[in-house]
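The values are calculated or read from the model by the stated rules, or taken from the named source; none is laboratory data. Being a predicted model, the structure only gives us computed values, none of them experimental. Cβ atoms come from the backbone with ideal geometry, glycine included; neighbour counts cover every protein chain shown.
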Amino acid sequence: MPPPPLPAPPASASGEAGGGRRRWQHRLSPTLVRDRCYTRAFRSAGLRSASVPLPDGAIVHLWLPPPAAAGAPCPYPVLLLHGFGASATWQWAPFLRPLLAAGLAPYVPDLIFFGASASPAADRSPAYQAACVAAAMAALPGAPQRYAVVGVSYGGFVAYHLAHAFPAAVERLVLIAAGVCLEEADLAAGLFAVEDINEAASVLLPQRPEDLRRLVGLTFCQPPRFMPSCFIRDYIRVMCTENVKEKTELLYALINGRKLSDLPKINQQTLIIWGEKDLVFPLELGLRLKRHLGDTSELVIVKNTGHAINREKPAELCRLIKNYIADPSVKYRDDHKGSWKKAIKRFARSSLRKVDSSRSLL
């Protein structure tokens, strides 16, 4: 059910009630205020907004890093891919200045049907998303030939396909809570708290306050205590009502018929980061991915953290990203060997139980 509209201010003598009402609503919207703050954070960090048209009619909006200073070392390019939530600015704003200070050059696109990116094509696969991102990067003036890619959640699916389809461009990979090893059969097997894709879509694309509350409860290890209904309705109205059909189709394309046996292996060195108490993509999927990739991957389990690692532990996550990309010699396996091997044993001993409200979502 859509949230009730805000009461309209009285019409002015000039007859501009409609425009006045919209401006009044915007001033009262905490979501729009926050959206502007995140955009301002990008601009104040020196990033520039650009839109790249592609031959099939798609338009990829992305933020470009500040130009390198004359005579300064060329910063290393890193592509940041957001998850299945709001636009890129909402998920990456806190990371920009630390990454820039570490000598990295962040490129931050909006994936297709998020933010200001869109496409007339019917393809909804993460492979198509990866192709659009790669084409947009290649079309930029002075485009980097090779770059690292960081993908969080849904962005991790896109990053994985990007690494597989464009190995000459992707040098190093960081996957954050990206359940690329999930299978559609996991739904019926009880690994998640939803039984089918329809139920998953109703939670991941919330249109009602109760759906958003449930999503927040599953996403955060320690959900915010103060969530007034007026703020929830405002967030849904501003951030969750555009491209709902297309985003639902993205979700179906992501899950429908998915099998681990169809997932190709990638050769790039890959850092896998997972929240210990992830209730969206459970840790089991991180362990699967580590087994699937083998010695080319490292797994770091962040304790007391849920799926929203970038919101709950931004400083720790930023440190892991910086260290892994800025210094290719960094290895995490020795420090965390006991951590993920114990987790493997724990999951091996456990059996799938009947799903309840505390089990993983998707």
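At-a-glance table
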quantity	calculated
Candidate set: the range 195-220, residues that are under 17 Å from the mean Cα position of the chain (by Cα) and in a loop (DSSP other than H, G, I, E, B); chosen: the one farthest from Arg124 (Cα to Cα)	Phe220
Close pairs (6 angstrom Cβ cut-off, 6 or more residues apart or separate chains): on the phi < 0 side of the Ramachandran plot in the range 100-119, surrounded by fewer than 18 Cβ atoms within 10 Å (Cβ to Cβ) and of a type in the set (Gly, Ala, Ser) anywhere	Ala102/Ala326; Asp110/Ala116
Unique match (being hydroxyl-bearing (Ser, Thr, Tyr), touching a residue at least 24 places away in the same chain (Cβ under 8 Å) and surrounded by fewer than 19 Cβ atoms within 10 Å (Cβ to Cβ)) among Ser44, Ser51, Ser87	Ser51
One residue from Ala178, Ala122 being touching a Ser or Thr at 6+ places or on another chain (Cβ under 8 Å) and in a loop (DSSP other than H, G, I, E, B)	Ala178
Answer residue from the range 165-180, given it is of a type in the set (Gly, Ala, Ser) and over 16 Å from Ala127 (Cβ atoms) and is nearest to the chain's Cα centre (by Cα) among those	Ala177
Filter result for Arg146 (crowded, with 18+ Cβ neighbours inside 10 Å and among the basic types (Lys, Arg))	no
Those residues of the range 119-148 which are more than 25 Å from Gly257 (Cα to Cα), hydrophobic (A, V, I, L, M, F, W, C) and modelled with pLDDT of 95 or more, in sequence order	Ala134, Ala135, Ala136, Met137, Ala138, Ala139, Leu140, Ala148
Selected residue [modelled with pLDDT of 95 or more, crowded, with 18+ Cβ neighbours inside 10 Å, within 10 Å of the chain's Cα centre (by Cα) and of a type in the set (A, V, I, L, M, F, W, C)] from Leu104, Leu111, Leu96, Leu79	Leu111
Filter pass, Ala93 being without any contact (Cβ under 8 Å) to a residue 40 or more places away in the chain and not in a strand (DSSP E or B)	no
Qualifying residues in the range 189-215 (those that are among the basic types (Lys, Arg) and buried (at least 16 other Cβ atoms within 10 Å of the Cβ)) - the one nearest to Phe114 (Cα to Cα)	Arg208
Hits in the range 276-309 (condition: hydrophobic (A, V, I, L, M, F, W, C), within 30 Å of Arg213 (Cβ to Cβ), more than 16 Å from the chain's Cα centre (by Cα) and in a helix (DSSP H, G or I))	Leu283, Leu285, Leu287, Leu289
